[in-house]
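For reference, the structure is listed below as structure tokens.
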């Protein structure tokens, strides 16, 4: 099945905000507006500004023997909010990604759990948003490329080799459940050959991607 030609992605502030609510953070993200504390109203006082609810770690107690290896924790862990911001900015803002990377190179492969084990790196976010520019920057710094990134970037030989080595990967899911076919769609012209190959392995219905717009469309100001 030959995929229809797709245009370059232009991600507006409005569309990105909307897509993050439904596509990006699924419903388990700790920074969702649904998880904000409600404003309180006292007599004679204006409503307080809602505060952002912090992500909560799931409770856990070992019911097995602890590992024999004990981490020394010689170095401080990178700030969780900084890692979160790096992953979020990687979906749409190259300048912010560069700024935070220069401040803390250790963010490069930081992984964020949006909830229930929905893990995502900056590279993963840039890949499923079709941001070739951000992906190229991250890869140039040594980010760990994966099958989803290779798919979006149009690396046909790499994708073929991996699927031939492990055919079950055709059904693999990336961050937020996005498939290989989806990543090939958002790669647009650069990944059309990969999309055709994936469809030859397993044909699926290709649905429109809500945050992709025609080349001549203007970004919201």
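Here are the numbers for this structure:
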item: Test result for residue 184, touching a helix residue (DSSP H, G or I) at 6+ places or on another chain (Cβ under 7 Å), outside the structural domain of residue 96 (by TED's automatic domain parsing), in contact (Cβ under 8 Å) with a residue 24 or more places away in the chain and surrounded by fewer than 20 Cβ atoms within 10 Å (Cβ to Cβ); result: no
item: Filtered residues of region 163-181 (kept if in a helix (DSSP H, G or I) and crowded, with 19+ Cβ neighbours inside 10 Å); result: 163, 175, 176, 180, 181
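The values are calculated or read from the model by the stated rules, or taken from the named source; none is laboratory data. Quick caveat, the model's predicted, so the values are computed rather than measured. Glycine gets a Cβ as well: all are built from the backbone with ideal geometry, and neighbour counts include every protein chain shown.
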